[in-house]
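*Asks:* Pasting a structure below so you can have a look.
The values are calculated or read from the model by the stated rules, or taken from the named source; none is laboratory data. Quantities reported herein were computed from a predicted structural model and do not represent experimental measurements. Ideal geometry is used to build each Cβ from the backbone, glycine not excepted, and the neighbour counts take in all protein chains shown.
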């Protein structure tokens, strides 16, 4: 069973990433922190890719394509004040452009495929979806 929100906060305090006042707060838990928690609580390794802007995200298209072809684990992406999950990419090797299959973890509609798609819980999109003024961290789990 995945850890509860409070357990994640406690883990981040225990490993020294956050101060004790973080427990019970609404403080941001981003890709970097999730990587720490996965390693600490489950021994799962991950690597982080960084993008200085949403408009530069396609620079990681080749690495993301390789990740999904050889690993398959979803990729957490956090930037600005939002976090999403990348479930797959369609990387154009000729142009370097990429489309992203995005899962919005904030979706709260009905649990039916048609509702999730029409409610934008899952969408195919381009880098235009991401804020060009925000910095992004992408967390890629490494399978053992």
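*Asks:* Look at residue 96 and say whether it is at positive phi, part of a loop (DSSP other than H, G, I, E, B), surrounded by fewer than 16 Cβ atoms within 10 Å (Cβ to Cβ) and without any contact (Cβ under 8 Å) to a residue 24 or more places away in the chain.
*Replies:* So residue 96 fails the test.
*Asks:* Still on this structure, please answer the following. Of the residues 79, 109, 88, which is at pLDDT below 95 and within 13 Å of the chain's Cα centre (by Cα)?
*Replies:* 79
*Asks:* Name every residue in the range 99-112 that is closer than 12 Å to residue 65 by Cα and part of a loop (DSSP other than H, G, I, E, B), in order of residue number.
*Replies:* none
*Asks:* Return the only residue of 83, 46 being surrounded by 14 or more Cβ atoms within 10 Å (Cβ to Cβ), closer than 12 Å to residue 140 by Cβ and touching a strand residue (DSSP E or B) at 6+ places or on another chain (Cβ under 8 Å).
*Replies:* Working: 83 fails: closer than 12 Å to residue 140 by Cβ.
Of 83, 46, the one residue that is surrounded by 14 or more Cβ atoms within 10 Å (Cβ to Cβ), closer than 12 Å to residue 140 by Cβ and touching a strand residue (DSSP E or B) at 6+ places or on another chain (Cβ under 8 Å) is 46.
*Asks:* Suppose we filter the range 1-25 for residues that are under 19 Å from the mean Cα position of the chain (by Cα), part of a helix (DSSP H, G or I) and either outside the structural domain of residue 36 (by TED's automatic domain parsing) or over 11 Å from residue 36 (Cβ atoms) (or both); how many remain?
*Replies:* Within the range 1-25, residues that are under 19 Å from the mean Cα position of the chain (by Cα), part of a helix (DSSP H, G or I) and either outside the structural domain of residue 36 (by TED's automatic domain parsing) or over 11 Å from residue 36 (Cβ atoms) (or both) number 2.
*Asks:* Among the residues of the range 26-42, which ones are closer than 12 Å to residue 141 by Cβ and either free of Cβ contacts under 8 Å to residues at least 24 places away in the same chain or not in a helix (DSSP H, G or I) (or both)?
*Replies:* Passing the criteria: 39, 42.
*Asks:* Here are 116, 75: which of them is in contact (Cβ under 8 Å) with a residue 60 or more places away in the chain, surrounded by 13 or more Cβ atoms within 10 Å (Cβ to Cβ) and in contact with a strand residue (DSSP E or B) (Cβ under 9 Å, 6 or more places away or on another chain)?
*Replies:* Residue meeting the stated conditions: 75.
*Asks:* Another question, then. Inside the range 50-80, can you point out the residues that are closer than 12 Å to residue 135 by Cβ and outside any helix (DSSP H, G or I)? I'd like the intermediate steps shown before the answer.
*Replies:* Applying the first criterion (closer than 12 Å to residue 135 by Cβ) to the range 50-80 yields 50-57, 77-80.
Once the filter is applied, which keeps residues that are closer than 12 Å to residue 135 by Cβ and outside any helix (DSSP H, G or I), the range 50-80 yields 50, 51, 52, 53, 77, 78, 79, 80.
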